[in-house]
Structures are given as structure tokens and as C-alpha cells.
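Reviewing the structure listed below.
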Amino acid sequence: MLSARRLILKIGSALIADSETGEIRSHWLEELIEDVVRFFERRQQVIIVTSGAVAVGSSHFNQLDRPLRIEEKQTAAAIGQVRLMLAYEQSLKRHGFSLGQVLLTGEDIDNQHRRLNARSTLQQLLKVRAVPVINENDTTATAEICFGDNDRLAARVAEMVNADALILLSNVDGLFTGDPYDKPLARLVKEVRCITPEIEAMAAHSPARHSAGGMITKLMAARIAMDAGCAMVIAKGNKPYPLAAIENGGPSTCFIPLANGRVSRAPVPTAYRR
């Protein structure tokens, strides 16, 4: 991480929003932004991909005793997105940064013209000291709400902007050989250089299997990132200054792209080598 020129940082819903009330965890967010600002002070660029709009906006439906329907999730996303961006903007403003909101779908990235426009916008935002904060356009992308996740969106963004590193902050320390809650002998996998069937089997039994994305989608993100020559890290984010914790040797799983990968562009940042 110390040597990465451009990083993509993905924030999970469970980190940014209280699971019961949907309230934004402002104190945690402030510490995260302090981490991000520290990176910019080292002349590194950070692009944030955030979940949480649906979780934050769902408080409008808290009287329901059933799962939200698609149209209700889209309504929650529209309400929650405003609150989410305001929280990010307030934290960034305290450190002299602006925020640039970017809403994307898979179609935007797959379409060459839209992809080029999105990449240009992200680059211009970074030039004017505005931190890009990306989320899925949940109000229009029905399929993304049903089956999608921001893990893969973050990986596609990393690919699009030629990022050197992708950091997925989640509610788990990383990839385990089994579910540590059920199997006390399960161990954390610190480094992955190739996603094999054995690695995929570990993901199916990971403690993140009940989250919106889960470990399986994180492995999908890892494939995209590694194919693009981008290192990826999974680490638990619900701690003070989570990025500093990773740099200081906190538990995580690092996915290292091969030097002769399909689109390999840059050496692995030294801070990710264990």
C-alpha cells in the first residue's frame, strides 16, 4: 500500500451503516477519511466505492416485518444515497477536500463510450482535489440490487482506471480455510497468487457467506483485479483507522497478480508482500 500510486477502496454496508437503525457510523467514517487524507498527503490517489445507500434509506420501511421488495429497495437507495453522500462530504470538507459523486452500473463500464467518459471524469476529479465516491445506480439497475455487489463494481473500476491496488473493507479479516465460528482450527489465508478450485471451496464456507456480497463475490472481484495486474486485499474494516491497521500488519488476505498475467501492468506494492 505504501507504494501504490492509485488505490480503490471499497466500503461495505455493514461498516458504514448501523445494521439495526440504518444510522451512518459517523465516528468510524471520520477515522476512515483521516486514513484517506493521509494517503493523498503522500501523493497517492484514492477512489472510494461505497455501499450503504439501501441500508441507510431502509429506516423509512422499518415498520415492515418482511424483506423489502425491489421497488422499496430502490426507494430506500434514493433516500439513503443523499444522506450517505452528505456524510462523506462533511468528513472530507473538514480536511479541505471536496467530494465527487459518481453513480455507475455494469452497463456504464461495459459500454466503451460511457467507460471512457467515466474514466475521464474520475481523473479530472482527482486533479481538482475532489475525492471520487462511487456507488451503484440502484434506482435504475434492478439486476444489480437483486444479484449484484459493489465488490465486483470496485474491481471493474480498478481495471478501468489502471489502479495498483484494491482494498475491500469488510466484516471479516479475510479468506479463511473454513468458517472459524464453526471450525476453531480454520486459519486465515494470508496470500493468494492463483484462484484455484480449493480457494473457491474455501469461499463457499467463509463467515461472510450471509452478507450482501459474501466471500464468493470477493473472489470474483479478485479475478478481475488480478487479471488487470492489480493487487487486492480483503480486511476487516470495523476498527479504528482501518487502513492504518492494514499497513501496520493487521490480519488480511492479499491477492497478488502474476507478473505475466493477462493484463499485468505494475509490480505488486511492497507493503502487500508478507
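The values are calculated or read from the model by the stated rules, or taken from the named source; none is laboratory data. It should be emphasised that the depicted structure is a prediction, and the values quoted were computed from it without experimental measurement. So basically every Cβ, Gly included, is an ideal-geometry build from the backbone, and we count neighbours across all protein chains shown.
A few remarks follow.
- Unmet criterion (only one of (1) at pLDDT 95 or above; (2) not in a helix (DSSP H, G or I)) for E20: (1)
Residue-wise test of (1) within 17 Å of the chain's Cα centre (by Cα); (2) under 25 Å from T105 (Cα atoms); (3) not polar (S, T, N, Q).
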{"position": "A17", "(1), (2), (3)": "yes, yes, yes"}
{"position": "E20", "(1), (2), (3)": "no, no, yes"}
{"position": "R38", "(1), (2), (3)": "no, no, yes"}
{"position": "E41", "(1), (2), (3)": "no, no, yes"}
{"position": "Q45", "(1), (2), (3)": "yes, yes, no"}
{"position": "A53", "(1), (2), (3)": "yes, yes, yes"}
{"position": "S59", "(1), (2), (3)": "no, yes, no"}
{"position": "N62", "(1), (2), (3)": "no, no, no"}
{"position": "P67", "(1), (2), (3)": "no, yes, yes"}
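Residues are listed down the side, and each one gets a yes or a no for (1) at pLDDT 95 or above; (2) over 17 Å from D164 (Cα atoms); (3) not basic (K, R):
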position	(1), (2), (3)
I11	yes, yes, yes
I24	yes, yes, yes
V49	yes, no, yes
V54	no, yes, yes
S58	no, yes, yes
D65	no, yes, yes
E72	no, yes, yes
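- Checked against the criterion of being of a type in the set (S, T, N, Q) and surrounded by fewer than 18 Cβ atoms within 10 Å (Cβ to Cβ), segment 35-56 contains not a single residue that satisfies it.
- Every residue from segment 87-135 that is surrounded by fewer than 12 Cβ atoms within 10 Å (Cβ to Cβ), touching a residue at least 24 places away in the same chain (Cβ under 8 Å) and either over 24 Å from W28 (Cβ atoms) or polar (S, T, N, Q) (or both): V128
- Residues of segment 27-47 that are among the β-branched types (V, I, T) and outside any helix (DSSP H, G or I): V46, I47.
- Here L68 clears all of (1) within 17 Å of S13 (Cβ to Cβ); (2) assigned to a strand (DSSP E or B) except the condition numbered (2).
- Those residues of segment 165-190 which are within 23 Å of the chain's Cα centre (by Cα), surrounded by fewer than 16 Cβ atoms within 10 Å (Cβ to Cβ) and aliphatic (A, V, I, L, M), in sequence order: L188
- Restricting the first member to segment 29-57 and to residues that are on the phi > 0 side of the Ramachandran plot, and the second to residues that are surrounded by 17 or more Cβ atoms within 10 Å (Cβ to Cβ) and not aliphatic (A, V, I, L, M), the beta-carbon pairs closer than 6 Å and six or more apart or on different chains are G52/S13.
- Single unsatisfied condition, K10 versus (1) under 30 Å from P257 (Cα atoms); (2) of a type outside the set (S, T, N, Q); (3) part of a helix (DSSP H, G or I): (3)
- Residues in segment 1-14 that are under 14 Å from the mean Cα position of the chain (by Cα), surrounded by 22 or more Cβ atoms within 10 Å (Cβ to Cβ) and among the aliphatic types (A, V, I, L, M): L7, I8, L9, I11.
- Test: residue in segment 245-257 that is at pLDDT 90 or above, in a helix (DSSP H, G or I) and in contact with a strand residue (DSSP E or B) (Cβ under 7 Å, 6 or more places away or on another chain): yes
- Conditions (1) of a type in the set (S, T, N, Q); (2) closer than 16 Å to A225 by Cα; (3) not in a loop (DSSP other than H, G, I, E, B): number failed by Q123: (2)
- Scope segment 212-240; condition part of a helix (DSSP H, G or I) and closer than 26 Å to A17 by Cβ; matching residues: G214, M215, I216, T217, K218, L219, M220, A221, A222, I224, A225
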